[in-house]
Amino acid sequence: MFFVAIFMSLPAICLIYGWRVRDQLDAGITEGGWRARLLTPGLCLATLSLAVTFGFLFQGFDPNGQSFAGPPPRHWVILNWLSALAWTLALLAAVLGKGRLRRPLFLWCVCMPFAAWIVIEMGYRY
């Protein structure tokens with residue numbers, strides 16, 4: 001379980017940085033236009049995706065044996081599809097968005113799949 005938290009901390013740090021940038025934008029001069037406003041829902045979707053993915057990896061990781069060997073329960077399949085859709089929409093927001101919030105959201109979109117892949121591979125190769 002410790003390994004899941006370690007490897008998923010990099011995407012979490014990107015989101016924490018994104019939320020801090022958003023708070024700074026709320027306190028100062030706000031950026032205008034639909035492209036700047038698109039990044040806030042993207043940040044919310046990214047947070048949802050991280051929470052669901054972390055929950056799935058945390059419950060399925062077995063440090064004493066092979067993880068993710070069998071099919072997941074139906075509720076995790078549905079939640080994983082929701083997480084993939086949220087990640088896709090967050091990536092779309094990061095690509096189309098404009099402003100300071102774009103960088104942490106795009107970094108999250110890049111490092112999130114790699115961190116999840118590393119955790120899943122650790123479950124197969126113990």
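Worth pointing out:
- Residues of region 103-126 that are outside any loop (DSSP other than H, G, I, E, B), over 12 Å from the mean Cα position of the chain (by Cα) and not charged (D, E, K, R): TRP117, ILE118, VAL119, ILE120, MET122, GLY123, TYR124.
- Of the listed requirements (1) closer than 25 Å to ALA5 by Cβ; (2) touching a helix residue (DSSP H, G or I) at 6+ places or on another chain (Cβ under 7 Å); (3) touching a residue at least 24 places away in the same chain (Cβ under 8 Å); (4) part of a helix (DSSP H, G or I), TRP76 misses just one: (3).
- Subset tally (residues that are in contact (Cβ under 8 Å) with a residue 40 or more places away in the chain and within 10 Å of PRO11 (Cβ to Cβ)) for region 88-126: 7
- When region 27-85 is filtered for residues that are surrounded by fewer than 16 Cβ atoms within 10 Å (Cβ to Cβ), aliphatic (A, V, I, L, M) and modelled with pLDDT of 85 or more, the ones remaining, listed by number, are ALA51, VAL77, ILE78, LEU82, ALA84, LEU85.
- Within region 7-26, the set of residues being surrounded by 14 or more Cβ atoms within 10 Å (Cβ to Cβ), within 15 Å of VAL119 (Cα to Cα) and out of contact with any Cys (no Cβ under 9 Å at 6 or more places or on another chain) comprises PHE7, MET8, ALA12.
- Unique residue being in a helix (DSSP H, G or I) and within 20 Å of TRP117 (Cβ to Cβ) when the list is ALA90, ALA69: ALA90
Every residue, every condition in (1) touching a Phe, Trp or Tyr at 6+ places or on another chain (Cβ under 8 Å); (2) within 29 Å of ARG74 (Cβ to Cβ); (3) among the hydrophobic types (A, V, I, L, M, F, W, C), yes or no:
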| site | (1), (2), (3) |
| --- | --- |
| VAL4 | yes, yes, yes |
| GLN24 | no, no, no |
| ALA36 | no, no, yes |
| LEU45 | yes, yes, yes |
| LEU48 | no, yes, yes |
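- Across region 86-97, the qualifying residues are those that are of a type outside the set (A, V, I, L, M) and crowded, with 21+ Cβ neighbours inside 10 Å, and the one among them that is modelled with the lowest pLDDT is GLY97.
- Among (1) surrounded by fewer than 15 Cβ atoms within 10 Å (Cβ to Cβ); (2) in a helix (DSSP H, G or I), the one test that VAL4 misses: (1)
The values are calculated or read from the model by the stated rules, or taken from the named source; none is laboratory data. Being a predicted model, the structure only gives us computed values, none of them experimental. Note that we place each Cβ from the backbone using ideal geometry, even for glycine, and neighbour counts take in every protein chain shown.
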